[in-house]
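This report concerns only the one structure given below.
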Amino acid sequence: MATKQIIHGIFGDEVPLLDSCAKLRAAGIRIKDVFTPFPVHGIDPIVGVPRTRLAICAFIYGITGLSLSTLMMWYMMIHDWPNDIGGKPNWNYYSAIPAFIPITFEATVFCAAHGLALTYLLRCWLVPGAKAKNPDPRTTDDKFMIYLELNDEQSKKADEILRATGAEEVNYKGTITIEPKY
Amino acid sequence: MNTDKLNFVVPAKAKMTSFILMAVGLVSIICMFIFDKQPDDHHYHATRAWANVFAGSFFFMAIALGASFFLGLQYAAEAGWATTIKRVIEAVTWYLPVGLSFMLLIFILGQLQMHTIYPWMAQGIATEGSENYDAVIAAKIGYFGIFWWIRTLLYMAAWILFTWKLRQNSVDADALGHEEAKGFHWKNVKLSAWFMVVFAVTSSTSAWDWIMSIDTHWFSTMMGWYIFSGMWVSAMITVTILVVWLKKLGYLEFVTESTVHDIGKWMFAISFLWTYLYFSQFMLIWYADIPEEVVYFQTRWESYKALMWTVLFVNFAFPMIMLMSRDSKRNYFFLIFVGVIIFIGHYLDIIMVVMPGTIGHHWTGISWMEIGNFLFFLGVFIYVVLTNLSKRPLMVKNHPFLEESAHHSY
């Protein structure tokens, strides 16, 4: 059983925040989370967040949309009830393909976009009725926060680094007990 | 900052290359006019040679025009990120007067009956009883002739004037102090807003007048946008290649990786705009199947099939696959590699637009004529752009967004 100190390092700007993150990581301190009022580009590698896999999801959803729409159009327009629209060929899918391209494109984008948004919301558990998880509401307005969970020895080091890099406040928010994993 | 790297000096090798390209190209063009004959067709007078010269003139002129448009767009949108590469874009726009001179020369020679690129320029085309009489063209001859010439001269004057003024304001601003120079930026913002309006109309109408009137019987409302998207993407490729090349030579150290990434994105994105318009034009005509419209693609389908598929693959599938990921847009080798290939792809696109309406079924595939002619215009383009690039410092001094652009990163 390990007891860890919760530390909130509050900053007024994103530049010292990024600087502080880099120095904390260089000192071997794991950053639990960072809260910012707006997206800060290029923060992921500095904080040490692994590369997002959302892009892979988007690709899979896109392929799904492409395949489903192709299947749907083939079934409706060619297989089940061949339609003669403006005398266009309807004996196989290939010969009428220009007509199917726009729908294929739209279905691909539709599935990729909706799948991506839903995956993101579910992964972050931003479902209806979910409780807000930001520990300090000021991070939704004009403050930036580094959230740390550290043991006593590391806390001291982190405190120094945070203050040295221009943290406006370093708040101690009690302790958390972490069950060891066997 | 390394100040001696602020002024670009044209490397002797680059200058030499441009001269060699021009020399090789010029020899090919001369040979082209001598050897280009079709003995069994008495309407054919070195038509392919003329069509090639026209395609080369138009393609490189369009790159300069696309760069002009992009420069104006950055001002009108008050975008900051591209400020550090503004001088590179300006250098590309400076080919515009040269390119337009080539165009004007071809138009004048056409009016003097030297070539037959434009069927409506033929003598007696609207006179009943003449051997050249064409009832369809006669019905819309009011749009051609003197009216066409007035429009052509107006486009040229307007584009050169706007481009020249945009650049002049920026140069004037650099000569002043930081505070006094502020007014020049707002002048350029206003000027660009007008330029965008003028360009929106003239880019479409010039494409009808100069490109679509090669196939005088045919018409398409997508043509203006299609040609415009092609010129825009070619301009973005040119700017990307130039910026990466200059960075490799050690210039432009104030241009951040994110700026390079962003022009890579433009190259990627406008490739899709081009594909979208190309396909839309094709699909609507294919679907409606109206004889007077479909004739355009019939010629291409019968005699230019390989070229048609190459253009679609090179300009759509290739950049899509190669430039999709973030890393490839930040990789100099990838940007140059993909850029060079789709640059050639868009030249082939212009060839495909020009050739069927001029030489029709005489097409035999890409030959030394297309290549030699392309090299000549490429040589002139490289020479003009690099010379203009060396005339001014590579960085603007008094642009209000300069700081923002120099710190552009994400």
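The values are calculated or read from the model by the stated rules, or taken from the named source; none is laboratory data. Values in this document were obtained by computation on a predicted structure and should not be read as measured data. Note that we place each Cβ from the backbone using ideal geometry, even for glycine, and neighbour counts take in every protein chain shown.
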Quiz item: From the set of residues in the range B:286-296 that are more than 25 Å from the chain's Cα centre (by Cα) and part of a helix (DSSP H, G or I), which is surrounded by the fewest Cβ atoms within 10 Å (Cβ to Cβ)?
Solution: B:PRO291
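Given A:ASP159, A:ASP152, which one is assigned by TED's automatic domain parsing to the domain that holds A:LEU18 and either exposed (fewer than 14 other Cβ atoms within 10 Å of the Cβ) or in contact with a Pro (Cβ under 7 Å, 6 or more places away or on another chain) (or both)? Talk me through it step by step, then tell me what you get.
Details: A:ASP159 fails: either exposed (fewer than 14 other Cβ atoms within 10 Å of the Cβ) or in contact with a Pro (Cβ under 7 Å, 6 or more places away or on another chain) (or both).
Just one listed residue meets the conditions, A:ASP152.
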Practice problem: Of the conditions (1) over 23 Å from the mean Cα position of the chain (by Cα); (2) in a helix (DSSP H, G or I); (3) touching a residue at least 24 places away in the same chain (Cβ under 8 Å); (4) within 14 Å of chain A (Cβ to nearest Cβ), B:SER409 clears all except one; give me its number. | Solution: (2)
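In this structure, does B:PHE279 turn out to be assigned to a helix (DSSP H, G or I) and within 14 Å of chain A (Cβ to nearest Cβ)?
Values: assigned to a helix (DSSP H, G or I): yes; within 14 Å of chain A (Cβ to nearest Cβ): yes.
Here the answer is yes, as B:PHE279 does meet what is asked.
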Self-check item: Residues located in the range B:208-233, provided they are closer than 10 Å to B:GLY357 by Cα and among the small types (Gly, Ala, Ser)
Solution: B:SER213
Quiz item: For the range A:42-64, does any single residue satisfy the condition of being within 24 Å of B:MET283 (Cα to Cα) and surrounded by 13 or more Cβ atoms within 10 Å (Cβ to Cβ)?
Solution: yes
Quiz item: Of the residues in the range B:142-177, how many are of a type in the set (A, V, I, L, M) and modelled with pLDDT under 90?
Solution: 4
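Being in contact (Cβ under 8 Å) with a residue 24 or more places away in the chain, in contact with a strand residue (DSSP E or B) (Cβ under 6 Å, 6 or more places away or on another chain) and part of a helix (DSSP H, G or I) narrows it down to one of A:LEU17, A:LEU68, so name that one.
Working: A:LEU68 fails: in contact with a strand residue (DSSP E or B) (Cβ under 6 Å, 6 or more places away or on another chain).
A:LEU17 is the lone residue from the list that is in contact (Cβ under 8 Å) with a residue 24 or more places away in the chain, in contact with a strand residue (DSSP E or B) (Cβ under 6 Å, 6 or more places away or on another chain) and part of a helix (DSSP H, G or I).
So if I check each of B:ALA67, B:ALA55, which one is part of a helix (DSSP H, G or I) and either within 20 Å of B:LEU246 (Cβ to Cβ) or among the acidic types (Asp, Glu) (or both)? Before you say what the answer is, go through the steps one by one.
Numbers: B:ALA55 fails: either within 20 Å of B:LEU246 (Cβ to Cβ) or among the acidic types (Asp, Glu) (or both).
Selected residue: B:ALA67, the only one of B:ALA67, B:ALA55 that is part of a helix (DSSP H, G or I) and either within 20 Å of B:LEU246 (Cβ to Cβ) or among the acidic types (Asp, Glu) (or both).
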Quiz item: Just checking, which of B:PHE318, B:PHE297, B:PHE313 is within 13 Å of chain A (Cβ to nearest Cβ) and at pLDDT 90 or above?
Solution: B:PHE297
Quiz item: Across the range A:80-132, what is the number of residues that are assigned to a loop (DSSP other than H, G, I, E, B) and within 14 Å of another protein chain (Cβ to nearest Cβ)?
Solution: 8
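Being of a type in the set (Ser, Thr, Tyr) and at pLDDT below 95 is the filter here, so list the residues in the range B:52-92 that pass it. Spell out how you get there, then give the answer.
Of the residues in the range B:52-92, the ones of a type in the set (Ser, Thr, Tyr) are B:57, B:68, B:75, B:83-84.
Within the range B:52-92, B:TYR75, B:THR83, B:THR84 meet the criteria.
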Practice problem: Find all pairs meeting these conditions: Cβ atoms under 6 angstrom apart; at least six residues apart or on different chains; first residue within the range B:119-134 and over 19 Å from B:TRP210 (Cβ atoms); second residue among the β-branched types (Val, Ile, Thr) and modelled with pLDDT of 85 or more. | Solution: B:ALA126/B:ILE141; B:ASN132/B:ILE125; B:ASP134/B:ILE125
Quiz item: What tally of residues in the range B:199-214 results from selecting those that are under 21 Å from B:GLY110 (Cβ atoms), crowded, with 19+ Cβ neighbours inside 10 Å and touching a residue at least 24 places away in the same chain (Cβ under 8 Å)?
Solution: 7
Quiz item: Restricting attention to the range A:20-45, which residues are modelled with pLDDT of 90 or more and part of a helix (DSSP H, G or I)?
Solution: A:SER20, A:CYS21, A:ALA22, A:LYS23, A:LEU24, A:ARG25, A:ALA26
